[in-house]
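Please treat every number below as a calculation from the coordinates, not as lab data. Everything numeric here is computed off the predicted structure, so don't read it as measured data.
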């Protein structure tokens, strides 16, 4: 059964956000940004839902988790020695999509999107700490449908992931669109699993100049996936 985390503390590193948005401190823009931060502190309700689930079957490019079949050579490889995963969705919270921003103020919209991303970061960090504490996890890794190259784990498998969790919209307000994107846009889904190896989806993503890159592209690992997909 899925469990909901909805009492997540919201902490914004305003100084870092201002720097990331390239706002000049002590400027009018900085004043406007601080007002958005104040508004976010009032309404932001980041949330997460997760489910402890066990692997029932597997092949070179598929994994069956409690009756739900996922197709991904990379996922199968990473879960080769794993018996349990934690399927999850974390979000900044639908409340942040209900705020009224100045009409046609694209700068404010951009700033608000960055603040939403920070709220999502609060949810992700809280979920990670919760799982580590409750299930006594040590080293973990994650995989996300649609993250990186399409061959790694197709975004269409969002549907299977959501079905494993149940009524995600009713539980935490995250909706899956027909194109398998999530609303609110600052939401993330995937599986967390215990592992002794380092893995990030960025290692098998060839996208250049990605602002969210957290690891260098690993050509050897990429070739290994391509080989598995051909078999």
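Stretching the chain fully between residue 1 and residue 151 yields a gain of 51.0 nm (0.36 nm per residue, less the alpha carbon separation). Sort segment 28-71 into rounded, prolate or oblate with this rule: let a ≥ b ≥ c be the square roots of the eigenvalues of the Cα gyration tensor; rounded if a/c is under 1.5, and if a/c is not under 1.5, prolate when a/b is larger than b/c, oblate otherwise. Verdict is prolate for segment 28-71. Length gained on full extension, residue 43 to residue 62, computed as 0.36 nm times the residue gap minus the Cα-Cα distance: 2.8 nm.
Have a look at the DSSP beta bridges in segment 1-160 and tell me what percent are antiparallel, nearest 5. Given both bridge residues lie in segment 1-160, the antiparallel proportion sits at roughly 100 percent.
The overall shape of segment 1-140 is prolate: from the C-alpha gyration tensor, with semi-axes ordered a ≥ b ≥ c, the ratio a/c is 1.5 or greater and a/b exceeds b/c.
When only alpha carbons are used to place a centre, segment 1-69 and segment 117-167 end up 11 Å from one another.
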